[in-house]
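First comes the structure, then the notes that go with it.
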Amino acid sequence: MQLLERKPPPGLVVPAGMVVPGSLPLLIETLACPGSPVAPEALASLCLKYFYAYVHSEQLDADVSLEGLTELAGQFVRRRGGCAQLAGKSELRRFLLHHGFALQMLVDLPKTVHLLAALLERKLPVAEAFLGLDIGAGTGILLVGQYLLARRAGYDSPILIGFECQPHVARRADSLASALGIGRVRQADATRKEAYVDLPDGPVACVTNETLPSAGRRLYKEPFPVICEALFAALGPRLANAVFLPEAVWASDRPGRSWLHLTPHNAFAGDGQRPDKPLRLAFMRDVELAGERIPVDRVGEGLAELVAPPWRESLCRRW
Ligand SMILES: C[S@@+](CC[C@H](N)C(=O)[O-])C[C@H]1O[C@@H](n2cnc3c(N)ncnc32)[C@H](O)[C@@H]1O
(Lines give C-alpha, C1' and ligand atoms only; values in the text may rest on other atoms or scores of the structure.)
Protein backbone atom coordinates (compact mmCIF):
# COMPACT_ATOMS: atom_id res chain seq x y z
CA MET A 1 0.00 0.00 0.00
CA GLN A 2 2.82 2.36 0.86
CA LEU A 3 4.16 1.91 -2.67
CA LEU A 4 0.98 3.53 -3.99
CA GLU A 5 1.35 6.49 -1.69
CA ARG A 6 2.46 9.72 -3.27
CA LYS A 7 3.07 13.02 -1.60
CA PRO A 8 0.77 15.93 -2.37
CA PRO A 9 2.35 18.69 -4.49
CA PRO A 10 4.92 20.71 -2.52
CA GLY A 11 4.31 24.05 -0.86
CA LEU A 12 1.12 26.00 -0.28
CA VAL A 13 -1.83 25.44 -2.58
CA VAL A 14 -2.16 29.14 -3.42
CA PRO A 15 0.37 31.98 -3.14
CA ALA A 16 1.05 33.00 0.48
CA GLY A 17 -0.99 36.02 1.48
CA MET A 18 -3.62 35.45 -1.17
CA VAL A 19 -6.33 34.03 1.06
CA VAL A 20 -8.57 36.64 2.65
CA PRO A 21 -8.53 36.11 6.43
CA GLY A 22 -11.74 35.31 8.32
CA SER A 23 -14.45 32.70 8.28
CA LEU A 24 -16.53 31.63 5.29
CA PRO A 25 -19.76 33.29 6.56
CA LEU A 26 -17.84 36.54 7.15
CA LEU A 27 -16.37 36.51 3.65
CA ILE A 28 -19.79 35.83 2.12
CA GLU A 29 -21.25 38.74 4.08
CA THR A 30 -18.41 41.03 2.97
CA LEU A 31 -18.79 40.07 -0.70
CA ALA A 32 -22.58 40.45 -0.45
CA CYS A 33 -22.31 44.17 0.36
CA PRO A 34 -23.39 46.20 -2.66
CA GLY A 35 -20.38 47.89 -4.22
CA SER A 36 -17.76 45.94 -2.27
CA PRO A 37 -14.79 44.90 -4.48
CA VAL A 38 -14.79 41.36 -5.88
CA ALA A 39 -11.14 40.66 -6.58
CA PRO A 40 -10.30 37.22 -8.07
CA GLU A 41 -8.29 36.50 -4.90
CA ALA A 42 -11.39 37.04 -2.77
CA LEU A 43 -13.43 34.73 -5.00
CA ALA A 44 -10.67 32.10 -4.87
CA SER A 45 -10.67 32.44 -1.07
CA LEU A 46 -14.42 31.92 -1.15
CA CYS A 47 -13.99 28.70 -3.15
CA LEU A 48 -11.28 27.36 -0.85
CA LYS A 49 -13.21 28.17 2.33
CA TYR A 50 -16.37 26.68 0.82
CA PHE A 51 -14.39 23.56 -0.13
CA TYR A 52 -13.20 23.24 3.45
CA ALA A 53 -16.66 23.78 4.92
CA TYR A 54 -18.19 21.29 2.46
CA VAL A 55 -15.83 18.61 3.75
CA HIS A 56 -15.58 19.68 7.41
CA SER A 57 -19.13 20.75 8.17
CA GLU A 58 -18.39 21.12 11.88
CA GLN A 59 -15.94 23.92 11.13
CA LEU A 60 -18.27 26.23 9.25
CA ASP A 61 -17.37 29.26 11.34
CA ALA A 62 -13.64 28.59 11.62
CA ASP A 63 -10.98 30.87 10.17
CA VAL A 64 -8.99 28.04 8.59
CA SER A 65 -5.31 28.78 8.01
CA LEU A 66 -3.72 28.48 4.58
CA GLU A 67 -1.83 25.46 5.96
CA GLY A 68 -5.16 23.85 6.88
CA LEU A 69 -6.59 24.56 3.42
CA THR A 70 -3.43 23.18 1.82
CA GLU A 71 -3.61 20.01 3.91
CA LEU A 72 -7.17 19.35 2.75
CA ALA A 73 -6.27 20.12 -0.87
CA GLY A 74 -3.41 17.60 -0.57
CA GLN A 75 -5.69 14.96 0.92
CA PHE A 76 -8.12 15.61 -1.91
CA VAL A 77 -5.62 15.29 -4.76
CA ARG A 78 -4.21 12.10 -3.25
CA ARG A 79 -7.57 10.57 -2.30
CA ARG A 80 -7.18 7.65 -4.71
CA GLY A 81 -3.68 6.38 -4.04
CA GLY A 82 -3.56 7.70 -0.50
CA CYS A 83 -0.92 9.74 1.27
CA ALA A 84 0.54 10.07 4.75
CA GLN A 85 -1.94 12.90 5.44
CA LEU A 86 -4.81 10.42 4.98
CA ALA A 87 -3.33 7.65 7.13
CA GLY A 88 -5.94 6.47 9.64
CA LYS A 89 -8.58 8.78 8.10
CA SER A 90 -10.61 6.30 6.14
CA GLU A 91 -13.88 8.15 6.65
CA LEU A 92 -12.42 11.38 5.26
CA ARG A 93 -10.90 9.51 2.35
CA ARG A 94 -14.22 7.84 1.57
CA PHE A 95 -15.95 11.22 1.66
CA LEU A 96 -13.39 12.75 -0.71
CA LEU A 97 -13.79 9.81 -3.08
CA HIS A 98 -17.59 9.90 -3.04
CA HIS A 99 -17.76 13.66 -3.54
CA GLY A 100 -14.73 13.78 -5.83
CA PHE A 101 -16.42 14.99 -9.01
CA ALA A 102 -18.30 17.88 -7.41
CA LEU A 103 -15.22 18.91 -5.40
CA GLN A 104 -12.98 18.71 -8.47
CA MET A 105 -15.19 21.31 -10.18
CA LEU A 106 -15.10 23.60 -7.16
CA VAL A 107 -11.33 23.52 -6.63
CA ASP A 108 -10.48 24.39 -10.23
CA LEU A 109 -9.99 27.89 -8.87
CA PRO A 110 -9.21 29.71 -12.17
CA LYS A 111 -12.30 28.37 -13.91
CA THR A 112 -14.65 28.58 -10.93
CA VAL A 113 -13.48 32.12 -10.18
CA HIS A 114 -13.97 33.08 -13.82
CA LEU A 115 -17.55 31.75 -13.70
CA LEU A 116 -18.28 33.56 -10.43
CA ALA A 117 -16.77 36.83 -11.65
CA ALA A 118 -18.80 36.66 -14.89
CA LEU A 119 -21.95 36.00 -12.89
CA LEU A 120 -21.33 38.94 -10.58
CA GLU A 121 -20.96 41.27 -13.55
CA ARG A 122 -24.52 40.62 -14.70
CA LYS A 123 -27.10 43.38 -14.47
CA LEU A 124 -30.42 42.14 -13.16
CA PRO A 125 -33.79 43.33 -14.42
CA VAL A 126 -35.75 45.20 -11.75
CA ALA A 127 -38.18 42.83 -10.04
CA GLU A 128 -39.92 42.44 -6.70
CA ALA A 129 -38.13 39.26 -5.74
CA PHE A 130 -35.17 37.15 -6.76
CA LEU A 131 -35.78 33.51 -7.61
CA GLY A 132 -32.60 31.77 -8.75
CA LEU A 133 -32.10 28.21 -10.01
CA ASP A 134 -28.81 26.34 -10.12
CA ILE A 135 -28.99 23.31 -12.39
CA GLY A 136 -26.48 20.57 -11.69
CA ALA A 137 -25.59 22.31 -8.45
CA GLY A 138 -22.74 20.02 -7.35
CA THR A 139 -21.32 21.54 -4.17
CA GLY A 140 -23.61 24.57 -4.62
CA ILE A 141 -20.83 27.07 -5.36
CA LEU A 142 -22.77 28.76 -8.18
CA LEU A 143 -25.72 29.07 -5.81
CA VAL A 144 -23.37 31.05 -3.58
CA GLY A 145 -22.53 33.15 -6.65
CA GLN A 146 -26.24 33.81 -7.22
CA TYR A 147 -26.67 34.74 -3.57
CA LEU A 148 -23.92 37.35 -3.91
CA LEU A 149 -25.39 38.64 -7.17
CA ALA A 150 -28.81 39.06 -5.56
CA ARG A 151 -27.58 40.64 -2.33
CA ARG A 152 -25.30 43.03 -4.21
CA ALA A 153 -28.33 44.11 -6.24
CA GLY A 154 -30.28 44.85 -3.06
CA TYR A 155 -32.34 41.66 -2.72
CA ASP A 156 -32.04 40.86 0.97
CA SER A 157 -33.80 37.49 0.87
CA PRO A 158 -33.28 35.80 -2.48
CA ILE A 159 -34.94 32.44 -2.98
CA LEU A 160 -32.33 30.08 -4.35
CA ILE A 161 -32.87 26.47 -5.34
CA GLY A 162 -30.30 24.05 -6.68
CA PHE A 163 -30.97 20.74 -8.46
CA GLU A 164 -28.45 17.94 -8.12
CA CYS A 165 -28.98 14.34 -9.20
CA GLN A 166 -26.39 12.66 -6.98
CA PRO A 167 -28.20 12.07 -3.68
CA HIS A 168 -25.18 12.31 -1.38
CA VAL A 169 -23.92 15.48 -3.09
CA ALA A 170 -27.39 17.05 -3.00
CA ARG A 171 -27.68 16.23 0.71
CA ARG A 172 -24.33 17.73 1.62
CA ALA A 173 -24.75 20.81 -0.59
CA ASP A 174 -28.22 21.34 0.85
CA SER A 175 -27.02 21.16 4.40
CA LEU A 176 -24.17 23.60 3.71
CA ALA A 177 -26.28 26.07 1.68
CA SER A 178 -28.98 25.93 4.40
CA ALA A 179 -26.48 26.44 7.21
CA LEU A 180 -25.12 29.49 5.41
CA GLY A 181 -28.64 30.85 4.82
CA ILE A 182 -28.06 30.80 1.07
CA GLY A 183 -30.73 28.48 -0.25
CA ARG A 184 -31.66 24.85 -0.71
CA VAL A 185 -30.40 22.06 -2.95
CA ARG A 186 -32.88 19.41 -4.01
CA GLN A 187 -32.05 15.94 -5.14
CA ALA A 188 -33.65 15.96 -8.59
CA ASP A 189 -33.10 14.90 -12.16
CA ALA A 190 -33.09 18.24 -13.97
CA THR A 191 -33.73 16.56 -17.33
CA ARG A 192 -37.30 15.90 -16.17
CA LYS A 193 -40.01 18.55 -16.34
CA GLU A 194 -41.38 17.37 -13.00
CA ALA A 195 -38.26 18.70 -11.32
CA TYR A 196 -39.63 22.23 -11.82
CA VAL A 197 -43.29 21.77 -10.89
CA ASP A 198 -43.37 23.00 -7.33
CA LEU A 199 -41.20 26.08 -7.53
CA PRO A 200 -42.27 29.33 -5.87
CA ASP A 201 -44.35 31.57 -8.14
CA GLY A 202 -43.01 34.47 -10.14
CA PRO A 203 -40.36 35.20 -12.74
CA VAL A 204 -36.99 33.50 -12.53
CA ALA A 205 -34.18 36.04 -12.08
CA CYS A 206 -31.16 33.83 -12.71
CA VAL A 207 -30.27 30.34 -13.97
CA THR A 208 -26.81 28.87 -13.62
CA ASN A 209 -26.39 25.65 -15.58
CA GLU A 210 -22.90 24.17 -15.70
CA THR A 211 -23.76 20.77 -17.11
CA LEU A 212 -21.67 21.17 -20.25
CA PRO A 213 -19.27 18.67 -21.82
CA SER A 214 -15.59 19.43 -22.32
CA ALA A 215 -14.26 21.13 -25.44
CA GLY A 216 -14.62 19.01 -28.56
CA ARG A 217 -16.99 16.45 -27.00
CA ARG A 218 -20.44 15.90 -28.41
CA LEU A 219 -23.19 17.73 -26.52
CA TYR A 220 -25.03 14.55 -25.57
CA LYS A 221 -22.08 13.48 -23.41
CA GLU A 222 -23.55 15.74 -20.71
CA PRO A 223 -27.20 16.52 -20.05
CA PHE A 224 -27.12 20.23 -20.99
CA PRO A 225 -29.36 19.97 -24.11
CA VAL A 226 -31.93 17.74 -22.40
CA ILE A 227 -31.93 19.90 -19.27
CA CYS A 228 -32.53 23.06 -21.31
CA GLU A 229 -35.39 21.38 -23.15
CA ALA A 230 -37.08 20.36 -19.88
CA LEU A 231 -36.37 23.69 -18.18
CA PHE A 232 -37.84 25.80 -20.99
CA ALA A 233 -40.78 23.43 -21.48
CA ALA A 234 -41.60 23.67 -17.76
CA LEU A 235 -40.94 27.36 -17.10
CA GLY A 236 -41.06 29.01 -20.56
CA PRO A 237 -42.32 32.59 -20.07
CA ARG A 238 -41.06 32.74 -16.49
CA LEU A 239 -37.52 32.68 -17.89
CA ALA A 240 -38.06 35.66 -20.21
CA ASN A 241 -36.01 38.12 -18.13
CA ALA A 242 -33.67 35.67 -16.43
CA VAL A 243 -29.92 36.09 -16.65
CA PHE A 244 -28.14 32.86 -17.53
CA LEU A 245 -24.71 31.46 -16.82
CA PRO A 246 -23.32 30.64 -19.31
CA GLU A 247 -25.00 33.41 -21.28
CA ALA A 248 -24.75 31.38 -24.48
CA VAL A 249 -23.01 28.31 -25.89
CA TRP A 250 -21.44 27.71 -29.32
CA ALA A 251 -21.37 24.25 -30.84
CA SER A 252 -20.33 23.14 -34.31
CA ASP A 253 -19.96 20.19 -36.62
CA ARG A 254 -16.66 18.32 -36.48
CA PRO A 255 -14.68 20.47 -38.96
CA GLY A 256 -16.13 23.69 -37.52
CA ARG A 257 -17.86 24.69 -40.75
CA SER A 258 -21.40 25.02 -39.46
CA TRP A 259 -22.11 26.60 -36.10
CA LEU A 260 -25.01 26.68 -33.66
CA HIS A 261 -25.53 29.56 -31.27
CA LEU A 262 -27.44 28.30 -28.24
CA THR A 263 -28.99 31.21 -26.35
CA PRO A 264 -31.92 31.82 -24.00
CA HIS A 265 -33.85 33.22 -27.01
CA ASN A 266 -33.87 29.80 -28.65
CA ALA A 267 -34.11 27.85 -25.37
CA PHE A 268 -30.43 26.92 -25.82
CA ALA A 269 -31.49 24.72 -28.73
CA GLY A 270 -29.87 26.73 -31.53
CA ASP A 271 -31.60 28.10 -34.60
CA GLY A 272 -32.11 26.42 -37.91
CA GLN A 273 -30.17 23.21 -37.43
CA ARG A 274 -30.65 20.57 -40.07
CA PRO A 275 -32.86 17.58 -39.23
CA ASP A 276 -30.03 15.23 -40.23
CA LYS A 277 -27.75 16.92 -37.68
CA PRO A 278 -29.51 16.88 -34.32
CA LEU A 279 -28.26 19.26 -31.65
CA ARG A 280 -27.06 16.46 -29.39
CA LEU A 281 -24.53 15.38 -32.03
CA ALA A 282 -22.93 18.83 -32.27
CA PHE A 283 -19.50 19.37 -30.73
CA MET A 284 -19.00 21.61 -27.71
CA ARG A 285 -16.84 24.63 -28.53
CA ASP A 286 -17.30 28.01 -26.80
CA VAL A 287 -19.22 29.70 -24.01
CA GLU A 288 -20.17 33.33 -23.58
CA LEU A 289 -19.30 34.78 -20.18
CA ALA A 290 -19.64 38.46 -19.31
CA GLY A 291 -20.29 39.21 -22.97
CA GLU A 292 -17.10 37.48 -24.14
CA ARG A 293 -16.97 34.39 -26.36
CA ILE A 294 -14.35 31.97 -25.06
CA PRO A 295 -13.38 28.39 -26.03
CA VAL A 296 -14.54 26.35 -23.07
CA ASP A 297 -11.07 24.96 -22.37
CA ARG A 298 -9.73 28.52 -22.10
CA VAL A 299 -12.11 29.63 -19.38
CA GLY A 300 -10.00 30.75 -16.43
CA GLU A 301 -6.87 31.03 -18.56
CA GLY A 302 -5.93 34.48 -17.27
CA LEU A 303 -6.39 33.39 -13.66
CA ALA A 304 -3.84 30.56 -13.48
CA GLU A 305 -1.82 32.56 -10.93
CA LEU A 306 -4.51 31.90 -8.33
CA VAL A 307 -3.06 28.41 -7.87
CA ALA A 308 0.57 27.74 -6.95
CA PRO A 309 2.36 26.17 -9.97
CA PRO A 310 2.97 22.66 -8.50
CA TRP A 311 -0.76 22.33 -7.75
CA ARG A 312 -2.16 23.45 -11.09
CA GLU A 313 -2.22 20.13 -12.89
CA SER A 314 -4.03 18.29 -10.09
CA LEU A 315 -6.52 21.01 -9.24
CA CYS A 316 -7.42 22.55 -12.60
CA ARG A 317 -9.58 19.89 -14.21
CA ARG A 318 -13.02 21.38 -14.90
CA TRP A 319 -13.59 20.78 -18.65
C1 LIG B 1 -19.91 20.06 -13.98
S2 LIG B 1 -20.70 19.80 -12.47
C3 LIG B 1 -20.98 21.47 -11.93
C4 LIG B 1 -21.24 21.59 -10.45
C5 LIG B 1 -21.39 23.03 -9.95
N6 LIG B 1 -22.50 23.70 -10.57
C7 LIG B 1 -20.12 23.80 -10.18
O8 LIG B 1 -20.13 24.67 -11.07
O9 LIG B 1 -19.12 23.53 -9.50
C10 LIG B 1 -22.27 19.24 -12.99
C11 LIG B 1 -23.16 18.70 -11.90
O12 LIG B 1 -24.44 18.38 -12.47
C13 LIG B 1 -24.92 17.21 -11.88
N14 LIG B 1 -25.89 16.64 -12.83
C15 LIG B 1 -25.61 15.93 -13.96
N16 LIG B 1 -26.76 15.54 -14.56
C17 LIG B 1 -27.78 16.05 -13.81
C18 LIG B 1 -29.19 15.96 -13.89
N19 LIG B 1 -29.79 15.31 -14.90
N20 LIG B 1 -29.94 16.55 -12.93
C21 LIG B 1 -29.33 17.20 -11.90
N22 LIG B 1 -28.00 17.30 -11.77
C23 LIG B 1 -27.22 16.73 -12.70
C24 LIG B 1 -23.68 16.37 -11.67
O25 LIG B 1 -23.89 15.37 -10.69
C26 LIG B 1 -22.67 17.43 -11.25
O27 LIG B 1 -22.66 17.59 -9.85
Self-check item: Test set (1) exposed (fewer than 14 other Cβ atoms within 10 Å of the Cβ); (2) in contact (Cβ under 8 Å) with a residue 12 or more places away in the chain - residue 181 fails condition number
Solution: (2)
Self-check item: the range 152-167 - residue that is open to solvent by 10 Å² or more (accessible area, probe 1.4 Å) and in contact with a helix residue (DSSP H, G or I) (Cβ under 6 Å, 6 or more places away or on another chain) and, of those, farthest from the ligand (Cβ to nearest atom)
Solution: 158
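Per-residue answers, yes or no, for (1) surrounded by 19 or more Cβ atoms within 10 Å (Cβ to Cβ); (2) within 13 Å of the ligand (Cβ to nearest atom):
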site	(1), (2)
97	no, no
112	yes, yes
146	yes, yes
150	yes, no
170	yes, yes
173	yes, yes
192	no, yes
200	no, no
Self-check item: Check on residue 265, over 30 Å from residue 13 (Cα atoms) and exposed (fewer than 14 other Cβ atoms within 10 Å of the Cβ)
Solution: yes
Self-check item: Conditions (1) more than 8 Å from the ligand (Cβ to nearest atom); (2) open to solvent by 10 Å² or more (accessible area, probe 1.4 Å); number of the one not met by residue 105
Solution: (1)
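Conditions (1) crowded, with 20+ Cβ neighbours inside 10 Å; (2) of a type in the set (Ser, Thr, Tyr); (3) not in a loop (DSSP other than H, G, I, E, B), marked per residue:
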site: 228; (1), (2), (3): yes, no, yes
site: 231; (1), (2), (3): yes, no, yes
site: 236; (1), (2), (3): no, no, yes
site: 261; (1), (2), (3): no, no, yes
site: 271; (1), (2), (3): no, no, no
site: 280; (1), (2), (3): no, no, yes
site: 288; (1), (2), (3): no, no, yes
site: 305; (1), (2), (3): no, no, yes
site: 319; (1), (2), (3): yes, no, no
Quiz item: Checking residue 132 against (1) away from the ligand (no atom under 11 Å from the Cβ); (2) of a type outside the set (Asp, Glu); (3) more than 23 Å from residue 24 (Cα to Cα), which single condition isn't satisfied?
Solution: (3)
Quiz prompt | Residue list for the range 207-224, restricted to those being surrounded by 15 or more Cβ atoms within 10 Å (Cβ to Cβ) and within 11 Å of the ligand (Cβ to nearest atom) | solution = 208, 209, 210, 211, 212, 213, 222, 223, 224
Quiz prompt | Pair list, Cβ < 6 Å and 6+ apart or interchain, from the range 296-319 residues that are more than 12 Å from residue 114 (Cα to Cα) to residues that are among the hydroxyl-bearing types (Ser, Thr, Tyr) and open to solvent by less than 80 Å² (accessible area, probe 1.4 Å) | solution = 319/214
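Results for (1) of a type in the set (Ser, Thr, Tyr); (2) modelled with pLDDT of 95 or more; (3) open to solvent by less than 30 Å² (accessible area, probe 1.4 Å); (4) touching a strand residue (DSSP E or B) at 6+ places or on another chain (Cβ under 8 Å), shown as yes or no for each residue.
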| site | (1), (2), (3), (4) |
| --- | --- |
| 40 | no, yes, no, no |
| 49 | no, yes, yes, no |
| 59 | no, yes, no, no |
| 62 | no, yes, no, no |
| 67 | no, yes, no, no |
| 71 | no, yes, no, no |
| 77 | no, yes, yes, no |
| 81 | no, no, yes, no |
Quiz item: Under the condition of being of a type in the set (A, V, I, L, M, F, W, C) and part of a loop (DSSP other than H, G, I, E, B), which residue from the range 124-178 is nearest to residue 34 (Cα to Cα)?
Solution: 153
Practice problem: Please work out which one of (1) touching a residue at least 40 places away in the same chain (Cβ under 8 Å); (2) within 16 Å of the ligand (Cβ to nearest atom); (3) farther than 30 Å from residue 198 by Cα is the condition residue 76 fails and give its number. | Solution: (1)
Practice problem: Name the single residue, out of those in the range 83-95 being closer than 16 Å to residue 9 by Cβ and open to solvent by 60 Å² or more (accessible area, probe 1.4 Å), that is farthest from the ligand (Cβ to nearest atom). | Solution: 84
Self-check item: Unique residue being over 19 Å from residue 300 (Cα atoms) and of a type in the set (Lys, Arg) when the list is 122, 184
Solution: 184
Exercise. Test residue 126 against the stated conditions and say whether it is of a type in the set (Val, Ile, Thr) and over 21 Å from the mean Cα position of the chain (by Cα).
Key: yes
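The values are calculated or read from the model by the stated rules, or taken from the named source; none is laboratory data. Please read these numbers as outputs of a predicted model, since none were measured by experiment. For neighbour counting, all protein chains shown are included, and Cβ atoms are generated from backbone atoms with ideal geometry for every residue, glycine included. Heads up: the accessible areas ignore ligands, DNA and RNA and are worked out on the full protein's heavy atoms, side chains in. Shrake-Rupley method; radii C 1.70, N 1.55, O 1.52, S 1.80 Å.
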